[in-house]
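Bear in mind that the values in this text are calculations on the coordinates, not laboratory data. All values reported here derive from a predicted model rather than from experimental measurement. Cβ sites come from the backbone with ideal geometry, for glycine too, and all protein chains shown count toward neighbours.
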Amino acid sequence: MPYREDLTVPSDVKGWGDPRPWSDVEQAVVAALASMITRTPGTCGFTLAYVPRSGLGEADGVDLSWEVDTGLPHTGVERYELAGHPAVVVEELALALATDGPITVPAEVAERLDRAGDLWRGWSPLLVDLARLSCHLPDDAEGFDLSVGFDPGHGAREWSWTVAIPVPGTEWPASEWEADDPGQALRAALAEADIWLSGRPAGHLRQ
């Protein structure tokens, strides 16, 4: 059941105009991570951000409210992509990675990501809820970040997912929730929605 159904998507925010299913972002994330793990040794990851009232692209009438940024360790390469849909922007990241040369994902990486993707399946409706609610934050704090990190040195806990929501009136730190999979992190953030929607710090900042 959606969280806080009384808070609908405001008519003046971006990021909702593309009819493509948001569920596509789940496979897009798995594919992008497969490319990153193949391309870079050791730790890697990226951040998917939603900026409901982004001014980027306004002059051209383009929705660029979904953003992805990442730094690829050991390469010095920074990636920053923009789009109007969460799945599209993650796919843009994968396309950018491919411009560095052909990517052939090793079987063991593909199997690892397939297993992880099966465990993570079904988190996109929670992303929809968080995006909808984040539109109701004060203007200086609208939106959120969803970050995924991979660290093969952590054994069974090689994946980390973090939701970060700005705290009004402060640039940093944000309210944060960290978990081993996206569903856990998103559910934890949504469970404290009434707190952060009121402008109070939540997650690890809650005392």
Theoretical gain in end-to-end length, Asp140 to Leu205 [0.36 nm per residue, Cα-Cα removed]: 21.6 nm
Taking Cα atoms only, helix 24-39 is inclined relative to the longest principal axis of the chain by an angle, in degrees rounded to 10, of 40 degrees
Can you check what the net charge comes to around Gln184, using other residues whose Cβ is under 14 Å from the Cβ of Gln184 (Lys, Arg +1; Asp, Glu -1)? -2
With -39,500 (n - 2.57) per DSSP H segment of 4 or more residues and division by the full residue count of the chain, the 222 nm estimate, nearest 500 deg cm²/dmol, is -10000 deg cm²/dmol
Net dipole in debye of segment 122-182 [+1 Lys, Arg Cβ; -1 Asp, Glu Cβ; about Cα centre; nearest 20]: 160 debye
Report the relative contact order of segment 1-155, percent, no decimals, based on alpha-carbon pairs under 8 angstrom and at least 6 residues apart. 34 percent
Apply the Karplus parameterisation 6.51 cos²θ - 1.76 cosθ + 1.60, with θ equal to phi minus 60°, to every residue of segment 193-206 and state each ³J(HN,Hα) to the nearest whole Hz, in sequence, with x for glycine and proline. 4, 4, 6, 6, 5, 7, x, 8, x, 9, x, 5, 8, 6
Can you work out the Karplus-derived ³J(HN,Hα) for every residue in segment 145-150? Use 6.51 cos²θ - 1.76 cosθ + 1.60 with θ = phi - 60°, whole Hz, and x for glycine or proline. 10, 10, 10, 10, x, 10
Binned Cα-Cα distances of segment 89-207, short to long, each 10 Å bin given as a whole percent: 12, 37, 31, 16, 4
